[in-house]
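Report on the structure given below.
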Amino acid sequence: MSVYAGEQRLAGPVSFELAPGETMALVGASGSGKSLTARAVLGLLPSPLRAHGAVAWNGERLNGEATFRRVRGGQLAYVFQDAASNLHPLRRLSGQFHECLCVHRPTLSRSARCEVIAEALGALRLDPQLLKRFPQELSGGQRQRALMALTLLPAPQVLIADEPTSALDPTLAREMLDLLFEQCQRRGMSLLLITHDVHAAARCARSLRLDVGETATLPTRQPRPARTEAALECAGLTALHRRRWWRREEPALMAVDLALHRGERVAVHGGSGSGKSTLALALLGLKPILAGDLRWFGQSIRRLPGSALRGLRPRVQMVFQDPYRSLNPAQRIDAMLHEARSCTRRPTRTIAQWLEAVSLPAEYAQRYPSQLSGGQRQRLALARALATEAEVLVCDEATSALDPVNEARIVSLIDSLAEERDLALLLISHSTAVSAALCDRAIEMARGCVVPMASVGA
């Protein structure tokens with residue numbers, strides 16, 4: 001099978017068989033065509049892409065949308081890499097879980113559906129209380145596990161998992177893989193695991209590689225003198241992750257004190273759901289703040305009028321964990337980067353140069369975000385943030401969707417740009433290797449609180 005855009009081949013040719021109960025890894029770098037190949041197997045290629053080749057299920061050739069729709073979801077299931085963009089943002093999880101069972105297992109009573117849902121949540125170590133929440137009220141790791149639980153509800157015979165651990169910290173990633181392979185063994189379910197993690201691929205019975213391997217080396221961080229001029233600082237910062245009009249929620253952050261100086265780089269570590277992303281959003285003024293002071297470049301932004309705050313925002317930029325949610329799907333890439341460059345009076349690079357800086361071809365300027373892989377979208381999000389000539393960059397798992405080679409490239413890019421522009425960096429990361437390569441010091445978060453400062457290697 002191959003995937004084409006017009007006459008241009010984007011992926012393949014590739015041919016494989018997956019036996020009942022077998023586990024196989026589809027390995028390759030970001031942009032190598034792993035996700036396109038898997039989507040072609042389920043007839044989910046976006047227009048105008050087309051697949052050339054045949055897909056057979058239980059001896060029957062799947063040809064046309066009607067045949068794909070008959071087996072898709074119930075017998076052949078897909079766990080997407082971007083959990084946030086594949087869960088309905090305006091519906092609670094409970095409604096989405098019940099709807100899935102109503103479509104694929106319509107004979108179940110409501111009580112039986114509740115039992116199936118409870119079992120799926122338990123298998124993925126999720127609190128049943130999360131069913132009352134909306135997807136945006138969950139951490140990245142919780143959303144990924146919720147999507148996995150949702151996908152397993154119809155009891156599919158084949159599961160295609162597209163980078164299911166990219167949003168998780170190392171501990172949860174191992175637990176997720178343990179649970180995934182346990183479910184495959186218990187259900188007799190076949191697994192096609194799309195990954196760039198060679199350790200995850202090694203757990204499968206066999207692997208199929210879509211590209212030629214390269215070596216990846218992270219830069220070595222040299223000690224730097226301490227800085228005194230603060231770019232971002234907060235004292236006693238207490239913030240909410242979510243709010244309900246009928247009751248007050250427990251705060252997601254509790255009296256956090258933090259200072260990020262100009263040119264300094266600080267890593268934020270912690271497990272999934274520990275409050276790392278909430279801290280980043282609160283520091284950018286994007287979460288409700290209950291108490292404490294927040295300053296940008298010496299100015300308290302809680303007291304700034306809207307016009308003054310808008311003038312400061314280009315100087316403080318964020319690369320979000322879910323790139324597809326932060327990119328306008330209806331906006332072309334060149335327009336996106338032009339808009340970012342227009343926020344500053346001194347743009348130093350052209351659109352083509354920014355794309356080249358993040359290892360994207362210049363011709364991608366004519367594409368839309370949906371036409372990029374997950375790793376390519378993450379690189380685009382980084383280019384857009386830096387195109388404003390930002391002085392402070394907050395990166396929320398900015399390399400989690402990348403393979404080791406492209407991760408090393410992006411880390412080197414961030415390192416060189418931060419050095420060149422004296423950029424202040426707040427890096428949220430599960431990878432201690434990435435933190436050690438980029439940051440001067442680290443803080444640890446647990447249950448919304450910050451553990452005392454530590455060295456970055458601690």
- Message: With in contact (Cβ under 8 Å) with a residue 12 or more places away in the chain and part of a strand (DSSP E or B) as the only criterion, which of Val14, Val3 stands out?
- Response: Val3
- Query: From the set of residues in region 342-392 that are farther than 16 Å from Leu402 by Cβ and among the small types (Gly, Ala, Ser), which is nearest to the chain's Cα centre (by Cα)?
  - Reply: Ser370
- Query: Looking at region 161-172, is at least one residue acidic (Asp, Glu), at pLDDT 85 or above and touching a strand residue (DSSP E or B) at 6+ places or on another chain (Cβ under 6 Å)?
  - Reply: yes
- Item | Residue under evaluation Gln8, criteria (1) more than 20 Å from Leu76 (Cα to Cα); (2) of a type outside the set (D, E, K, R); (3) touching a Lys or Arg at 6+ places or on another chain (Cβ under 8 Å), criterion not met | (3)
- Query: Which number in (1) open to solvent by less than 20 Å² (accessible area, probe 1.4 Å); (2) touching a residue at least 40 places away in the same chain (Cβ under 8 Å); (3) part of a helix (DSSP H, G or I) marks the one condition that Pro164 misses?
  - Reply: (3)
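Filtering region 53-88 down to residues that are under 20 Å from Cys100 (Cα atoms) and among the β-branched types (Val, Ile, Thr), which residue is most open to solvent (accessible area, probe 1.4 Å)?
Step one: list which residues in region 53-88 are under 20 Å from Cys100 (Cα atoms), which gives 65-88.
Now narrow it down to the ones that are among the β-branched types (Val, Ile, Thr): 67, 71, 79.
Numbers: Thr67: 27, Val71: 5, Val79: 0 Å².
This residue is Thr67.
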- Candidate set from region 332-342 (those that are free of Cβ contacts under 8 Å to residues at least 12 places away in the same chain and part of a helix (DSSP H, G or I)); member that is nearest to Glu163 (Cα to Cα): Ala335
- Lone qualifier among Leu413, Leu360, Leu402 - being part of a loop (DSSP other than H, G, I, E, B) and surrounded by fewer than 22 Cβ atoms within 10 Å (Cβ to Cβ): Leu360
- Among residues belonging to region 255-299 that are among the polar types (S, T, N, Q) and in contact with a Leu (Cβ under 7 Å, 6 or more places away or on another chain), point out the one that is farthest from Ala424 (Cα to Cα). Ser272
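Name the residues in region 277-317 that are open to solvent by less than 20 Å² (accessible area, probe 1.4 Å) and either within 30 Å of Glu175 (Cβ to Cβ) or of a type in the set (A, V, I, L, M) (or both), would you? Working first, answer last.
First pass over region 277-317, keeping only residues open to solvent by less than 20 Å² (accessible area, probe 1.4 Å): 278-280, 282-284, 294, 296, 300-301, 312, 316.
Those that are open to solvent by less than 20 Å² (accessible area, probe 1.4 Å) and either within 30 Å of Glu175 (Cβ to Cβ) or of a type in the set (A, V, I, L, M) (or both): Thr278, Leu279, Ala280, Ala282, Leu283, Leu284, Leu294, Ile301, Leu312, Val316.
Residues checked against (1) part of a strand (DSSP E or B); (2) in contact (Cβ under 8 Å) with a residue 12 or more places away in the chain:
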{"residue": "Val256", "(1), (2)": "yes, yes"}
{"residue": "Val266", "(1), (2)": "yes, yes"}
{"residue": "Ser274", "(1), (2)": "no, yes"}
{"residue": "Leu279", "(1), (2)": "no, yes"}
{"residue": "Gly292", "(1), (2)": "yes, yes"}
{"residue": "Arg302", "(1), (2)": "no, yes"}
{"residue": "Ala308", "(1), (2)": "no, no"}
{"residue": "Ala330", "(1), (2)": "no, yes"}
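Quick check, is Val394 in a strand (DSSP E or B) and among the β-branched types (Val, Ile, Thr)? Walk me through how you get there before you give the answer.
On the way: in a strand (DSSP E or B): yes; among the β-branched types (Val, Ile, Thr): yes.
Taking the combined requirement at face value, the residue satisfies it.
Considering only region 441-458, I want to know if a residue exists there that is among the acidic types (Asp, Glu) and either part of a helix (DSSP H, G or I) or more than 21 Å from the chain's Cα centre (by Cα) (or both).
Pass one, region 441-458, residues among the acidic types (Asp, Glu): 444.
If we keep only those that are either part of a helix (DSSP H, G or I) or more than 21 Å from the chain's Cα centre (by Cα) (or both) as well, we get none.
For region 441-458, residues among the acidic types (Asp, Glu) and either part of a helix (DSSP H, G or I) or more than 21 Å from the chain's Cα centre (by Cα) (or both): absent.
Of all residues in region 390-399 being β-branched (Val, Ile, Thr) and in contact (Cβ under 8 Å) with a residue 40 or more places away in the chain, which is surrounded by the fewest Cβ atoms within 10 Å (Cβ to Cβ)? Steps first, please.
The first filter runs over region 390-399 and keeps only residues β-branched (Val, Ile, Thr), leaving 392, 394, 399.
Checking which are in contact (Cβ under 8 Å) with a residue 40 or more places away in the chain leaves us with 392, 394.
Numbers: Val392: 21, Val394: 26.
My answer is Val392.
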- Message: Please count how many residues of region 126-158 are within 25 Å of Gly21 (Cβ to Cβ), more than 20 Å from the chain's Cα centre (by Cα) and not β-branched (Val, Ile, Thr).
- Response: 6
- Just for region 363-389: of the residues that are more than 21 Å from Thr165 (Cβ to Cβ), open to solvent by less than 30 Å² (accessible area, probe 1.4 Å) and not in a helix (DSSP H, G or I), which one is modelled with the lowest pLDDT? Glu389
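Looking only at region 122-154, which residues are farther than 17 Å from Arg92 by Cβ, at pLDDT 85 or above and either in a helix (DSSP H, G or I) or open to solvent by 20 Å² or more (accessible area, probe 1.4 Å) (or both)?
Initially, region 122-154 is screened for residues farther than 17 Å from Arg92 by Cβ, giving 122-125, 140-141, 144, 148, 151-152, 154.
In the following step, the residues that additionally are at pLDDT 85 or above were identified as 122, 148, 151-152, 154.
Gly122, Met148, Thr151, Leu152 - these are the residues of region 122-154 that are farther than 17 Å from Arg92 by Cβ, at pLDDT 85 or above and either in a helix (DSSP H, G or I) or open to solvent by 20 Å² or more (accessible area, probe 1.4 Å) (or both).
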- Message: List pairs: first residue in region 25-52 and more than 16 Å from Ser15 (Cβ to Cβ) and open to solvent by less than 20 Å² (accessible area, probe 1.4 Å), second residue among the aromatic types (Phe, Trp, Tyr) and modelled with pLDDT under 80 anywhere in the structure, Cβ distance under 7 angstrom, at least six positions apart or on different chains.
- Response: Leu42/Phe68
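The values are calculated or read from the model by the stated rules, or taken from the named source; none is laboratory data. These numbers come from a predicted model, not from an experiment. In this analysis, Cβ positions are derived from the backbone assuming ideal geometry, glycine residues included, and neighbour counts consider all displayed protein chains. Accessible surface is based on the protein model in full, side chains and every heavy atom, while ligands, DNA and RNA are left aside. Shrake-Rupley method; radii C 1.70, N 1.55, O 1.52, S 1.80 Å.
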